[in-house]
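Below is one structure, written out as structure tokens; the observations come after it.
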């Protein structure tokens, strides 16, 4: 069945460092891909999405490109801030709105 | 605009006891979801409602779990009796509609501890 694999955390960075969180997927068709973020004590929020190959999703300085050839959707940010500390979930949806999530990656940014 | 509201935020019960979680979705959202999130894992869908109708409950353990969404607005998820393995966070989400992807908005969750 469909699945999402994320790099294990925690990812620990200093402020202004470059961030990459790896995500790869397995799907039978052509899924839409998402990154969700969960700040401490809050619900998951959609960070960005891409619906077809080579699409780039972007929001709040974060970017991810849908790579069909490598079945990947890695999350990147050029300069992280302390306020970016959260848990990041990669997810896919193969049809309509059923989401399949990865296990999440905790990001810790220190000043 | 108010977000998805869940209560209680935390619940501690002894095994074999019943427990219920409540969710109030965003006004106007027809689709409601309940997810289970185990520690260190991503959310997994338990049940999805379109208005009052449960359209996907294939992952809901029906021997002890039940859910309802009367009048197509608020929803309640119940566990009876609870087991130690049910300790997890229960998330509720809502979206305007299903069909092509409609963004899901998540509540803060209810953290259940079964002792």
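Laid out as a table, the results:
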{"quantity": "Length-normalised contact order for the range A:6-56 - Cα pairs under 8 Å, 6+ apart - percent", "calculated": "26"}
{"quantity": "Förster radius 22 Å - calculated FRET efficiency between residue B:84 and residue B:20, Cβ distance, rounded to 0.05", "calculated": "0.75"}
{"quantity": "Theoretical FRET efficiency, 1/(1+(r/R0)^6), r = Cβ-Cβ of residue B:44 and residue A:83, R0 22 Å, to 0.05", "calculated": "0.15"}
{"quantity": "Most mobile listed residue (B:25, B:61, B:43) in chain B, GNM with C-alpha springs under 10 Å", "calculated": "B:61"}
{"quantity": "Computed over chain B: relative contact order in percent, which uses C-alpha pairs under 8 Å that are six or more apart", "calculated": "37"}
{"quantity": "Rounded FRET efficiency, nearest 0.05, which uses the C-beta distance separating residue B:102 from residue A:60 and R0 of 22 Å", "calculated": "0.55"}
{"quantity": "Anisotropy class of the range B:29-103 from Cα gyration tensor, a/c 1.5 cut", "calculated": "oblate"}
{"quantity": "Fluctuation leader among B:79, B:47, B:13 - chain B, Gaussian network, Cα springs under 10 angstrom", "calculated": "B:13"}
{"quantity": "Label-to-label distance, nm, for residues given as residue B:11 and residue A:18 (7 Å Cα→Cβ offset)", "calculated": "4.7"}
{"quantity": "Residue with peak Gaussian network fluctuation, chain B [Cα springs, cutoff 10 Å], from B:36, B:84, B:45", "calculated": "B:84"}
{"quantity": "Residue mean of other protein chain beta carbons inside 10 Å, A:37-45", "calculated": "5"}
{"quantity": "Cα pair count fraction exceeding 27 Å, expressed as % - the protein assembly as shown", "calculated": "34"}
{"quantity": "Relative contact order %, the range A:42-111, counting alpha carbon pairs below 8 Å whose residues are six or more apart", "calculated": "20"}
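Quick note: the coordinates plus some simple rules give every number you see, no bench work behind them. The structure displayed is predicted, hence computed values, not measured ones. Here the Cβ is made from the backbone with ideal geometry for all residues, glycine too, and neighbour counts use every protein chain on show.
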